[in-house]
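The structure under discussion appears below in the form of structure tokens.
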Amino acid sequence: MTEGPPDVVRETGHDDLAGFLGRLTRLMLGSSGEGAEQIEGAVAAVARGLGGTATLAVLPDAATVAVTSHGRSSTVVVRAFPEVFRMDRMAALKPFLHEVAAGRLDVAQADRRLTAITSSPLPYPWWAKLIGIVLFSVGFAPLMQPTWYEVGSTAVLATVAGATFSCSRASSR
């Protein structure tokens with residue numbers, strides 16, 4: 001808690017909450033694979049756990065978050081293009097959301113934890129992901145058409161697709 005006049009503390013608290021909810025909404029919109037109702041419910045529950053309220057209007061690549069706390073209201077507009085999400089981040093996010101919604105963290109603690117989740121390193125090197133993509137694809141191919149040609153062509157195409165994906169993700173970091 002910062003020292004100073006009560007109005008300054010109140011404004012800082014509201015701005016911190018609105019900023020945190022905006023970052024949380026951006027992460028969920030861009031990488032959770034969840035629907036609009038799940039995002040809206042989770043962000044609203046987190047806002048309540050932090051002493052505020054949030055109302056969301058969610059579109060496929062944007063959301064408007066109306067935040068009320070500390071006697072103030074503000075609106076945060078978030079844009080995020082849904083992309084392939086990292087399951088390790090989503091696995092860490094779910095219990096975190098429950099902890100914040102239960103009121104066990106303040107805004108500063110929640111913000112630090114969210115930053116740790118979003119900046120976590122990739123759990124596997126690019127070559128392990130490539131092997132995983134190829135093995136999954138080759139294992140799935142016979143279910144579609146059980147021929148050796150299908151398995152062989154799927155192995156080649158999965159290697160090309162996996163290498164392209166792994167290289168593009170590595171260069172975008």
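Residues checked against (1) open to solvent by less than 80 Å² (accessible area, probe 1.4 Å); (2) modelled with pLDDT of 90 or more; (3) closer than 27 Å to Ser120 by Cβ:
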position	(1), (2), (3)
Gly132	yes, no, yes
Phe136	no, no, yes
Gly139	yes, no, no
Pro146	no, no, no
Leu157	no, no, no
Gly162	yes, no, yes
Ser168	yes, no, yes
Ser171	no, no, yes
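Quick check on my filter: what residues within segment 115-130 are open to solvent by 40 Å² or more (accessible area, probe 1.4 Å) and out of contact with any Asp or Glu (no Cβ under 6 Å at 6 or more places or on another chain)?
Result: Thr115, Ala116, Thr118, Ser119, Pro121, Leu122, Tyr124, Pro125, Trp126, Trp127, Lys129.
Please work out if Val65 is open to solvent by 90 Å² or more (accessible area, probe 1.4 Å) and in contact with a Ser or Thr (Cβ under 6 Å, 6 or more places away or on another chain). When the stated conditions are applied, Val65 does not pass them.
Within segment 2-18, take every residue that is open to solvent by less than 60 Å² (accessible area, probe 1.4 Å) and modelled with pLDDT under 95 and give me the one that is nearest to Arg72 (Cα to Cα). Please lay out each step first, then the result.
Step one: list which residues in segment 2-18 are open to solvent by less than 60 Å² (accessible area, probe 1.4 Å), which gives 4, 9, 12-14, 17-18.
Applying the additional criterion that residues be modelled with pLDDT under 95 yields 4, 9, 12-14.
Details: Gly4: 18, Val9: 12, Thr12: 11, Gly13: 10, His14: 7 Å.
Among those residues, the one meeting the criterion is His14.
For Arg112, the criteria (1) under 24 Å from Thr53 (Cβ atoms); (2) open to solvent by less than 90 Å² (accessible area, probe 1.4 Å); (3) under 20 Å from the mean Cα position of the chain (by Cα) hold in every case but one, which is (2). In the condition set (1) under 22 Å from Arg86 (Cβ atoms); (2) modelled with pLDDT of 90 or more; (3) not in a helix (DSSP H, G or I), Ile117 is compliant with all but (3). Consider segment 68-77 and keep the residues that are in contact (Cβ under 8 Å) with a residue 24 or more places away in the chain and either surrounded by 14 or more Cβ atoms within 10 Å (Cβ to Cβ) or not in a loop (DSSP other than H, G, I, E, B) (or both). The one that is nearest to the chain's Cα centre (by Cα) is Val76. Give segment 91-109 a look and list any residue that's within 18 Å of Gly51 (Cβ to Cβ), outside any loop (DSSP other than H, G, I, E, B) and either open to solvent by less than 60 Å² (accessible area, probe 1.4 Å) or touching a Leu at 6+ places or on another chain (Cβ under 8 Å) (or both), or say none. Within segment 91-109, Phe96, Leu97, Glu99, Val100, Ala101, Val107, Ala108 qualify. Kindly provide the set of residues from segment 78-90 that are assigned to a helix (DSSP H, G or I) and surrounded by fewer than 12 Cβ atoms within 10 Å (Cβ to Cβ), ordered by number. Across segment 78-90, the qualifying residue is only Met87. What is the residue count in segment 32-60 for residues that are in contact with a Phe, Trp or Tyr (Cβ under 8 Å, 6 or more places away or on another chain) and either open to solvent by less than 20 Å² (accessible area, probe 1.4 Å) or within 13 Å of Ala110 (Cα to Cα) (or both)? Total meeting the criteria: 2.
In this structure, does Gly49 turn out to be within 14 Å of Leu114 (Cβ to Cβ) and either without any contact (Cβ under 8 Å) to a residue 60 or more places away in the chain or aliphatic (A, V, I, L, M) (or both)? When the stated conditions are applied, Gly49 passes them.
The values are calculated or read from the model by the stated rules, or taken from the named source; none is laboratory data. None of these values were measured; they are calculated from a predicted model. We place every Cβ from the backbone using ideal geometry, glycine too, and count neighbours over all the protein chains shown. SASA here: full protein model, heavy atoms, side chains in, ligands and nucleic acids out. Shrake-Rupley method; radii C 1.70, N 1.55, O 1.52, S 1.80 Å.
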